[in-house]
Each structure stands twice: as structure tokens, then as C-alpha cells.
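Engineer: Okay, handing you the structure first.
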């Protein structure tokens, strides 16, 4: 019995570890330009579009000013993005930092839809806010 309990405990630990790893945002997304907070702010100052794919409650709790909210699971699709950003315009995707893979997923999808100036802001809103940049 103790052996079965140890095996079950080990299996649960491995499953929990795998789930944690799967939720981690990738360091880069092929075809995009990775940006840190300072580079994202420079793009913001140049008028680049910022797309926030976070949940409604997260978006309402705070966001980069004028960010386009296209929640990944309910609102993010090719037509919605096209309604807000032209395929040759710079677009920055961000979410909740290293533990949030949504911006990576959206970046990949935008590339597949033909967007050519895709910026991946992996550190996202937490880094933006920590840098003291404007929020709403």
C-alpha cells in the first residue's frame, strides 16, 4: 500500500510540474520581435497598437492606455484583429507576464494571418506597471 501511495504522489507531482511548465509563456515567438518594457514604451510613444488578450476582469483591473481588448477565448479572431489593426502596422501583444501564454498564442496567430510587424511583449502588464508607465 505504501508503494502505491508513493507512486501516486510522484505521479501527481510530475503532473503538477508539467502543468506549471505548460502555462509558462515562451521566451520568444518565431517571426516576432521580442520587446522588453522600455522597447514596448517606445512603440507606445510611436502609436503602435497594443492588443490585450487577457480575461475581461484582468483587463478591467488595469491595462496599458488605449489597449485593444480582444479576449483570447471569446473575442480574438482574424476579423476582430483586422477591424483594429492593418496587417502592415506594428502591433504589440501583451498579457500578464511570464506565467501568461496568451500574448504568445495571439502573436503566432497574427503571423499566420499575415501581420508583418508583430511585437511580443512577454513581460506584459506587470513589467509595464513596475516601470512606472501610464496605466488605466
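Bear in mind that the values in this text are calculations on the coordinates, not laboratory data. In this text, all values refer to a predicted model and were calculated from it rather than measured experimentally. Cβ placement follows ideal geometry from the backbone for every residue including glycine, while neighbour counts extend to all protein chains displayed.
Engineer: So how do 35-43, 93-101, 56-64 stack up, highest first, on mean other-Cβ count within 10 Å?
Structural biologist: In decreasing order of mean packing, 35-43, 93-101, 56-64 become 93-101, 35-43, 56-64.
Engineer: Sticking with this one: Only Cα pairs under 8 Å and at least 6 apart count here; give the relative contact order of region 25-130 as a rounded whole percent. Write out the running numbers ahead of the final one.
Structural biologist: Details: 196 pairs, mean separation 41.4, N = 106.
RCO, region 25-130: 39 percent.
Engineer: If packing is taken as the average count of other Cβ atoms within 10 Å, what order do 79-85, 107-113, 117-123 fall into, highest mean first?
Structural biologist: Values: 79-85: 14.6, 107-113: 18.9, 117-123: 23.7.
Highest-to-lowest ranking by the protection proxy: 117-123, 107-113, 79-85.
Engineer: Measuring from a point 7 Å past the Cα of residue 66 along Cα-to-C-beta, which residues in region 79-101 have an amide N at less than 20 Å?
Structural biologist: Hits in region 79-101 for residue 66 at 20 Å: 81-95.
Engineer: Per 0.36 nm of contour for each residue apart, how much would the distance between residue 99 and residue 45 grow if the chain were fully extended, relative to their Cα-Cα spacing? Before the final figure, lay out the partial values.
Structural biologist: Values: separation 54, 0.36 × 54 = 19.44 nm, distance 2.63 nm.
Additional length available on full extension: 16.8 nm.
Engineer: Given region 25-130, report the % of alpha carbon pairs whose separation exceeds 20 Å.
Structural biologist: Cα-Cα pairs of region 25-130 separated by over 20 Å account for 27 percent.
Engineer: On full extension of the chain, what length is gained from residue 136 through residue 78, given 0.36 nm per residue of separation minus the C-alpha to C-alpha distance?
Structural biologist: Details: separation 58, 0.36 × 58 = 20.88 nm, distance 2.60 nm.
Here the segment from residue 136 to residue 78 would lengthen by 18.3 nm.
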